[in-house]
Amino acid sequence: VQLQASGGGLVQTGGSLRLSCAASGRTWGNYAMAWFRQAPGKERVFVPSISANGVGTYYADSVKGRFTLSRDNAKNTVYLQITSLKPDDTAAYYCAATTGNYYYTARTDYDYWGQGTQVTVSS
């Protein structure tokens, strides 16, 4: 599986973005997906995840109510809608995939990673 993340950019506090992660592979529907983010000098941390069938989702407490993760299995793509952006959301965002129909949250759960897309929020 190859993952291509896109949609990052520079936005003002309170703004919105939609990140996308497009995947190759004919068994896309068997993969759970997640986004992680990494700020400069910090560890890569979990943001949200979604089960392979799209029914189950899980969000980090820091983004609940502001981030919405969805997937379109017909397009092999997951979308992360981000609203009410804060400067603390500034980071490189990475999408990740693993087989299984659950919303995994640990970095070690994921086998495939995209290249990252930068989100910068100005105050």
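The values are calculated or read from the model by the stated rules, or taken from the named source; none is laboratory data. All values reported here derive from a predicted model rather than from experimental measurement. Please note: Cβ atoms are built from the backbone with ideal geometry, for glycine as well, and neighbour counts cover all protein chains shown. Note: areas computed on protein heavy atoms with side chains; ligands, DNA, RNA excluded. Shrake-Rupley method; radii C 1.70, N 1.55, O 1.52, S 1.80 Å.
The table below lists the values:
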{"quantity": "Strands (runs of 3 or more DSSP E) enclosed by segment 1-89 - at least 1 residues per element that are surrounded by 13 or more Cβ atoms within 10 Å (Cβ to Cβ) and out of contact with any strand residue (DSSP E or B) (no Cβ under 8 Å at 6 or more places or on another chain)", "calculated": "none"}
{"quantity": "Residues of segment 90-109 classified as open to solvent by 10 Å² or more (accessible area, probe 1.4 Å), of a type in the set (Ser, Thr, Tyr), more than 18 Å from GLN12 (Cα to Cα) and outside any helix (DSSP H, G or I), total", "calculated": "6"}
{"quantity": "Condition met for GLN38 (under 12 Å from CYS21 (Cα atoms) and touching a residue at least 12 places away in the same chain (Cβ under 8 Å))", "calculated": "no"}
{"quantity": "Any pair with Cβ under 8 angstrom, 6 or more apart, that starts in segment 18-30 at a residue that is over 14 Å from GLY114 (Cβ atoms) and ends at one that is not in a loop (DSSP other than H, G, I, E, B)", "calculated": "ARG18/TYR79; ARG18/LEU80; ARG18/GLN81; ARG18/ILE82; ASN30/THR99"}
{"quantity": "Scan of segment 44-75 for residues that are more than 19 Å from GLY8 (Cα to Cα), at pLDDT 95 or above and charged (D, E, K, R), ordered by number", "calculated": "ASP61, LYS64"}
{"quantity": "Verdict on VAL78 being within 12 Å of the chain's Cα centre (by Cα) and either modelled with pLDDT under 95 or not acidic (Asp, Glu) (or both)", "calculated": "yes"}
